[in-house]
Amino acid sequence: MIRHRWLIALAAIATVFIFVAADHADARAGRGGSMGSRGGSTFSAPRATPTAPNTAAPIQRSATQPNAATTGAAGQAARPGLLGGGLFGGGMLGGLAAGFIGAGLFGMLFGHGFMGGMGGFASILGLVFQIVLVVIVARLAFAWWQRRNASSLAMQSAGPTPGAASGPSAQAFGGLGSMFGGGSPATPANEPVTLDKADYDAFEQLLADVQAAYSAEDLAALRGKATPEMVSYFAEELADNASQGVINRVTDVKLLQGDLSEAWRENGHDYATVAMRFALTDTTVERASGRTVDGGQPGEVTELWTFMRSRGGAWLLSAIQQG
């Protein structure tokens, strides 16, 4: 019986570690997760598209600081809270759940049963759950109050209302005759931007150029293709690779499908977020010998890339989010 109890407990612990590892294994080689800036929409989720129908991973690293202008109901989703992400939901409830599970597992290990490891905690469970309920109700009330005020401000604002862009940009992806699909590109609450075929061709070319420059560890080339913020993240990744004695090579990049998620103008800059599904071969090789240590097989990746340009300037990569 004791032997079986140990086996069950060890299996439970292994399961927890497997799920935790899967929860954090969202960044492929050469990509440090979701990073960069999308102007005032940095902490808002991009609109879903046929290419990326799921919610994009929130920006994890950004030079843009959250404030009243960039955070709201959508922005709060990018920050851990009462019901944040992770195996147990993160935040306050996640900590409680993880603690209770841990106590139960140790109870099983030492022969006291699943609830045996909680000991003195059992007497305060009722109080803890009451506190949790109060916090949930308070957060729901605060979220309702925020939505109500946001709606009132939006109705009083004289600025443009979010909606589908009109003109050529609304049909450009469908009319390119390339891998970009159709759909109505949505715009945040800023001035709409009209895009044409040249813009979409530039996005596709930047996809190939950025991957090629990254593979060649050519920071000078990256400076002409991405914002200084993105170049700093790439430089950090390349430095990590160098310290480990490896090189990340991304080859055979080919766009398979793309959709415009959002296009807008703010503070004299144009922004466009594009969902792209592309084929590639991602290989990590040993720097000294060229021996393959990871990858090397063709695969597909879906990411949302945000591009930025000054008035009359060229497009630059300003953010990458995992699709």
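Quick notes
- Only Cα pairs under 8 Å and 6+ residues apart enter the sum, and on that basis the relative contact order of region 196-323 stands at 22 percent.
- Local electrostatic count at Met276 - Lys and Arg +1, Asp and Glu -1, tallied over other residues with Cβ under 10 Å: -2
- Computed magnitude of the charge dipole of region 200-246 (debye, nearest 20; Cβ of K, R +1, Cβ of D, E -1): 100 debye
- Cβ crowding within 10 Å averaged over residues, with 253-263, 45-55, 295-305 ranked highest first: 253-263, 45-55, 295-305
- Hz values of 3J(HN,Hα) by residue in region 46-60 - Karplus curve (6.51, -1.76, 1.60), Gly and Pro given as x: x, 5, 5, 9, x, 6, 10, x, 8, 5, 5, 4, x, 4, 9
- Taking label points 7 Å from Cα along the Cα-to-Cβ direction, Ala279 and Gln297 give a separation of 1.6 nm.
- The stretch between Ala208 and Gln60 holds 50.9 nm of extra length on full extension. This uses 0.36 nm per residue minus the Cα-Cα distance.
Readers should treat all values here as calculations from the given coordinates under stated rules, not as data from a laboratory. Just so we're clear, the structure is a prediction, and the values are computed from it rather than from any experiment. Cβ atoms come from the backbone with ideal geometry, glycine included; neighbour counts cover every protein chain shown.
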